[in-house]
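The values are calculated or read from the model by the stated rules, or taken from the named source; none is laboratory data. Remember, it's a predicted structure, so these values are computed and weren't measured experimentally. Cβ placement follows ideal geometry from the backbone for every residue including glycine, while neighbour counts extend to all protein chains displayed. SASA here: full protein model, heavy atoms, side chains in, ligands and nucleic acids out. Shrake-Rupley method; radii C 1.70, N 1.55, O 1.52, S 1.80 Å.
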Amino acid sequence: MTAPRVALVGFGEVGQILARGLRANIAGSIVVWDRLLVDPTSAPSRALRQDASLKAAKSMAEAVLDATLVISAVTAGQCLQAATEASRSIGRECTYLDLNSVSPATKCEAARAVQRGGAYFVEAAVMSPIAPQGIASPILLGGPHSAACASQLRNLGFAGVEVFSPTFGPASAAKMCRSVIIKGIEALLTESLLAARHHGVEKSVLRSLDDLLPGHDWPLLARYMISRSLLHGTRRAEEMREVTATIREAKIDPHMSMATVERQNWAARHRSALEKTGLEELLDAVNDSSGRTS
């Protein structure tokens with residue numbers, strides 16, 4: 001079997017995790033493109049310089065031109081733009097694996113763009129945090145070419161891929177509906193515990209959560225989930241906008257998800273609090289920097 005020529009589009013946190021997993025299973029170099037690579041001081045540029053097995057492309061066109069597998073791992077807001085740009089140069093019969101967290105409608109639009117270029121579009125939805133398991137994370141695949149792609153991906157180390165649907169949309173719908181819960185819990189914990197800390201009752205609140213939902217170290221879990229919002233709130237807010245679109249497609253008003261967009265965006269403005277190690281210190285730092293406002 002001929003080794004795939006892989007192009008990785010997007011080199012943020014997810015892209016870097018994918019690259020680490022892929023390089024253990026691919027003999028040749030992996031070509032990387034990120035729109036921030038034009039800035040040598042950007043985080044993707046700095047990360048790329050630390051890995052000699054990765055080859056930086058000078059443009060999207062250069063990255064995808066000779067690829068047999070393109071993996072798109074950009075932010076939700078860049079999903080359609082990336083697919084459209086890639087479609088102008090992508091080779092016929094190349095597989096375009098779209099891992100981005102977007103609504104079913106956005107994913108279908110991205111699929112149409114890629115298919116116009118003659119490539120095979122495969123929808124992918126990562127159904128867990130990707131850092132712990134890397135490319136072995138559970139991933140739902142959708143579309144008419146998902147079964148063939150699943151076999152190829154398993155050979156590359158994607159042990160958790162599952163063919164979910166022969167059509168585009170259902171895999172993304174599952175991901176988006178999951179995000180209502182996950183990102184919503186992050187937002188709720190942030191709002192609840194900031195107020196609880198102000199009133200001096202955070203320990204009582206956390207103990208009550210253990211009574212209701214036992215089996216978790218709630219102080220540790222709360223610190224982790226709040227920190228994810230502080231670190232990735234902007235990206236999470238983009239994803240939650242796609243969630244609201246998904247919910248509207250179901251003819252439901254996305255009241256809770258719209259509020260989560262606002263809280264995730266707000267959390268991103270207090271990223272400096274991540275310097276604090278403990279939960280209480282973290283909450284104090286956020287409260288101090290926000291003036292205990294909304």
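Key figures
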item: 3J(HN,Hα) from dihedral phi, region 13-22, Karplus parametrisation 6.51/-1.76/1.60, rounded to Hz, x for glycine, proline; result: 4, 5, x, 5, 5, 4, 4, 4, x, 5
item: Given 55/183; 58/175; 203/276, the pairs whose alpha carbons are separated by over 28 Å; result: 55/183; 58/175
item: Highest-fluctuation residue, 205, 180, 74 considered, GNM on the chain with Cα pairs under 10 Å; result: 205
item: 3J(HN,Hα) from dihedral phi, region 220-235, Karplus parametrisation 6.51/-1.76/1.60, rounded to Hz, x for glycine, proline; result: 5, 5, 5, 4, 5, 5, 5, 5, 5, 5, 5, 7, 10, x, 5, 5
item: Dipole in debye (nearest 20) - region 163-240, about Cα centre, beta carbon charges: Lys, Arg +1; Asp, Glu -1; result: 160
item: Region 194-260, accessible surface, carbon-and-sulfur percent (1.4 angstrom probe); result: 61
item: Overall Cα dimensions of region 154-294, principal axis frame, Å, largest first; result: 52, 33, 30
item: Space enclosed by the convex hull of the alpha-carbon atoms of region 34-140, per residue, Å³; result: 112
item: Dipole in debye (nearest 20) - region 135-294, about Cα centre, beta carbon charges: Lys, Arg +1; Asp, Glu -1; result: 320
item: Dipole magnitude (debye, nearest 20) for the chain, charges at Cβ of Lys, Arg, Asp, Glu; result: 500
item: Under-5 Å amide H pairs with residue 42, H placed in peptide plane, nonlocal only; result: none
item: Sum of side-chain charges, residue 72 neighbourhood, beta-carbon under 14 Å (Lys, Arg +1; Asp, Glu -1); result: -3
item: Long-range HN-HN contacts of residue 55 with modeled amide H, under 5 Å; result: 30, 31, 32
item: Helix-only CD estimate at 222 nm, as mean residue ellipticity for the chain, using -39500 (n - 2.57) per DSSP H run (n ≥ 4); result: -17000 deg cm²/dmol
item: Solvent-accessible area per residue, Å², over the chain with all protein chains present [probe radius 1.4 Å]; result: 48
item: Amide proton proximity set for residue 96, modelled H, under 5 Å, gap of 5+; result: 70, 120, 121, 122
item: Per-selection metrics, the chain (Cα): Rg and Dmax in Å; result: 20.1, 63
item: In sequence order, calculated HN-Hα J values of region 37-46 (Karplus, 6.51, -1.76, 1.60; Hz; x Gly/Pro); result: 5, 5, 9, x, 9, 5, 4, x, 5, 5
item: Protein accessible area in region 1-127, 1.4 Å probe - carbon and sulfur %; result: 50
